[in-house]
């Protein structure tokens, strides 16, 4: 009887919410729950249950996570929904999303979206009637909290109105400090929200279904996703690198479009003007002088991407807020020529640095590895010169040996991974045959992946550089070099992605369905080092740690609540070298610590890193014009000072002409490693 009553209550809840009675919504719904969504939802849940690495019951606790994440994705700024909306939605759906989705009932996703759209319309009406012509007082000492995750859902209309007053005031002040006149500011804000409203009204049924089903998938882990047919095609293009554009992966965060990854070899990578955590706020077609900038704050990600993409050879100008400037720092324009990003653009490169350190001359080979690529089709076709990271590095190592370099530094900074086979084969260039990585699947079967080639291409001094954005295959390589005591790992704690995904086309499981269906990207394996330690969360901890502005709990796998946990399995048998001892690492760390205190370039780096960290962690921005102006000037000056202090090399009898401070320190450590080998 209780079950029947719960179902009746739930049923009437659906009717009330979807018809608008609970929330006063009377207009006819324009979004449609299509019949094939039922089949897709049921299939996705079954596939997650059967194949996902994480064996978890699809039940009430997961239901609550899915619902909260869905609400957060609809309103990540907590600036539309009221607490009363959230309470009522949770009352009806918190412990029912699991049961309904298993049955293929996705109507709650659409009902909740309709509530969101109603609240959005109310905000736009209030904005037009009260705020776009508001006379703001910029002498008041007040601020705006940009990190809305810290804030509770708003209770009253009065509080909501005040929040929106601060939002518009902050945006107005930003435009004012960027040199715009009052009339232009009001027009810019009017256009911004007109465009925002127009784009939201273009939201399709497929968009709502994808948003919801993606929350179902991501409840298992952040790398498990549902892709609609349109998104599936975009993902395929990205994987095959056939996309014409600037070569940057973007996400939407608090009305901003944020860069999360720069694709090696693309225009953004080559320009060195765009970096992770930069925010794109405007897009113009053409070069800077001719480009009419279009404000993209608040736009859907798809729409921003469509503006940035374009035919090869054309130009696009981006207005960005650099990461180091903070949310309201000075903006800058970056003009890029679009290119077709090809595999060849990601190829390994090298450079030889001749330095003088402590009265000795050294010749150092630096090999930059942007990604772990392998042209599978060419290799299968029997082509002799197919593209491969390992093959390219091997050629470079042979060449560096001919140039009689003293040591080799492998630069894996910002390397997001790629082919597992290449990570194993690349490790094999530096060690005798042996295990490189262990891979466990969802039924706890462990496979040991080995380098079976006993030949060593480079047996000399070796260092590996990593940073917070080195992930996956990069972590396998760096971890193996460290575990074998083959080289010294330098840099920042790596990303911590120790999982493997595969793509499942839902059409395979629903072959009779006439509608085009989406895909499920699902985590089905996990990486472990030869020591048995997972690379998940922990990543690779460097032997020598360089200053970093990116904390593990904010950037990387550990920042994701649903990320799979770190764990450990049995160590596999491997023969470690005696290249790197504990005493040697202690000596290298002591020298590095001394340079942190005394080397002008490193001291400047520490200062810049601390300021960047403070800037990124400071989520409150002042709404007082003078205070905001002073803060902007301080950050602008700090950015202009970056790297301007020059080491007086002559006083140290050192000649190390490397502008990249991190790489410079890596080469210095390598020189000390070389020196330790020759005595």
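The numbers here are math on the coordinates, done by the rules we state, and not lab data. Just so it is clear, the structure is predicted and the values come from calculations on it, not from any experiment. Please note: Cβ atoms are built from the backbone with ideal geometry, for glycine as well, and neighbour counts cover all protein chains shown.
Things worth noting here:
- Shape category assigned to the range 242-340 from the gyration tensor of Cα positions, a/c cut at 1.5: rounded
- Global geometry of the chain, whether rounded, prolate or oblate, following the gyration tensor of its Cα atoms and the 1.5 cut on a/c: oblate
- Average Cα contact separation per residue, the chain, under 8 Å, 6 or more apart, as relative contact order %: 13 percent
- Principal axes of the range 118-182: Cα extent on each, largest first, Å: 35, 27, 18
- Beta bridges from DSSP with both residues in the chain: antiparallel share about 80 percent, rounded to the nearest 5.
- Volume per residue for the range 2-218 equals 150 cubic angstrom (convex hull of Cα atoms).
- Ranked by how many other beta carbons lie within 10 Å on average, peptides 558-566, 431-439 from highest: 431-439, 558-566
- The equivalent ellipsoid that matches the C-alpha gyration tensor of the range 428-492 spans semi-axes of 22, 18, 7 angstrom, in descending order.
- Peptides ranked, highest mean first, by Cβ atoms within 10 Å: ranges 150-163, 475-488, 512-525: 475-488, 512-525, 150-163
- Summary of the geometry: the range 131-169 and the range 424-489, compared by the centres of their Cα atoms, lie 51 Å apart.
- With semi-axes defined as the square roots of five times the eigenvalues of the C-alpha gyration tensor, the equivalent ellipsoid of the range 370-414 measures 25, 15, 4 Å, largest first.
- Cβ-based exposure ranking for 671, 581, 533, in which fewest neighbours within 10 Å come first: 581, 533, 671
- Evaluated on the range 344-579, the Kirkwood hydrodynamic radius is 19.0 Å, with distances taken between all distinct Cα atoms.
- Spherically averaged projected area in nm², based on the convex hull that wraps the Cα atoms of the range 496-647: 16.9 nm²
- Cα centroid separation - the range 543-579 against the range 289-307, whole Å: 37 Å
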